Structures are given as structure tokens and as C-alpha cells.
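Here the structure is laid out as C-alpha cells; the discussion comes afterwards.
The values are calculated or read from the model by the stated rules, or taken from the named source; none is laboratory data. Every value quoted in this text rests on a predicted model; they were computed, and no experiment measured them. As a convention, Cβ positions derive from the backbone with ideal geometry for all residues, glycine included, and neighbour counts pool all protein chains shown.
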Amino acid sequence: MTWPCRHLSVAIRRTPEDVYAFAADARNLPRWAAGFARAVRRDGDAWVAESPVGEVRVRFVAKNALRVLDHDVTLPSGDIVHNPMRVLRNDAGSEAVFTLYRRDGVGETEYEEDARSVAADLRRLKAILEEEG
């Protein structure tokens, strides 16, 4: 069984290494993923984020040369949501790609809201990195 999914992406005029380094640092989540994390704090090998649904635990894959930013989010209910994310080379710049799954029980309206929120977060990531570049 598979879930429907949507790949959301944004081109960023910075090197893949720059984009990955910034996005892989969970302390930066409130800056660019404000729709998800208003604040973060370290808790052992995970991060705890203040999100619109309450406190959630976030675990990123280990830092890697492939620029994979997959992360699991444990919701207050205990459900775990897997979020694939990659930073790809796009000519001299980058493409940040987030895969949004439509999990069981998520209605069309909620899924569309989630997609708009992720797209807005990716646009903020682009704006921050291109301003600082």
C-alpha cells in the first residue's frame, strides 16, 4: 500500500553544500520552517519543536555527503511522520525538494493546507539563503 504524495521544491541560488549546511542545522528550523517549528531545543539525540499541534520530537538522519535531510516527526499522539527531503545540485545552485505524503485519515483540505505550509517554508529557506549569500 502506498500513500499519494507531492514533491514540493524550490530553486536556490546557493551551492548545495551551503543549503544543506543551513537546513541540516535544526537550530535554524524556526527561521525557515516557521510553519512547523516556532522554537526548538535539544533533547538527547532528538530535537523538540514547538509546533502548531504542540510539542513534537524531530530526528534527522545523520549528516551525510548525499545531502539527505530526511526527518521523522513524532506527534503528541505518538504517531511518527516520515518526511523525505533532499538538496540536489541544480546547475551552479540547488534544488531543495520535500516529499509530502498524504497519510491515512488526512482529508483533502488538510493536505492542501500542509502543502501550502511546506511551500511557504521552502520559499523562506530560499529567501534567507539568497539574502545571506
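Residues are listed down the side, and each one gets a yes or a no for (1) loosely packed, with under 15 Cβ neighbours inside 10 Å; (2) of a type outside the set (Phe, Trp, Tyr):
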position: Trp32; (1), (2): no, no
position: Arg38; (1), (2): yes, yes
position: Ala46; (1), (2): no, yes
position: Asn64; (1), (2): yes, yes
position: Val73; (1), (2): no, yes
position: His82; (1), (2): yes, yes
Test result for Ala96, under 16 Å from Asp25 (Cβ atoms), in contact with a Lys or Arg (Cβ under 8 Å, 6 or more places away or on another chain), outside any loop (DSSP other than H, G, I, E, B) and aliphatic (A, V, I, L, M): yes
Checking Arg14, Arg6 in turn, the sole residue that is crowded, with 19+ Cβ neighbours inside 10 Å, modelled with pLDDT of 95 or more and under 19 Å from Ala119 (Cβ atoms) turns out to be Arg14
Can you pull out the residues in segment 68-93 that are in a loop (DSSP other than H, G, I, E, B) and either under 15 Å from Ala37 (Cα atoms) or free of Cβ contacts under 8 Å to residues at least 12 places away in the same chain (or both)? Leu75, Pro76, Ser77, Gly78, Asp79, Asp91
For Leu69, indicate whether it is within 30 Å of Met1 (Cα to Cα) and surrounded by 17 or more Cβ atoms within 10 Å (Cβ to Cβ). yes
With the structure loaded, tell me whether Asp104 is in contact (Cβ under 8 Å) with a residue 40 or more places away in the chain and more than 18 Å from Arg14 (Cβ to Cβ) or whether it fails that test. yes
Residue check for Arg103: among the charged types (D, E, K, R), at pLDDT below 95 and either part of a strand (DSSP E or B) or farther than 16 Å from Trp32 by Cβ (or both): yes
Check on Val53, over 18 Å from Glu17 (Cα atoms) and surrounded by 15 or more Cβ atoms within 10 Å (Cβ to Cβ): no
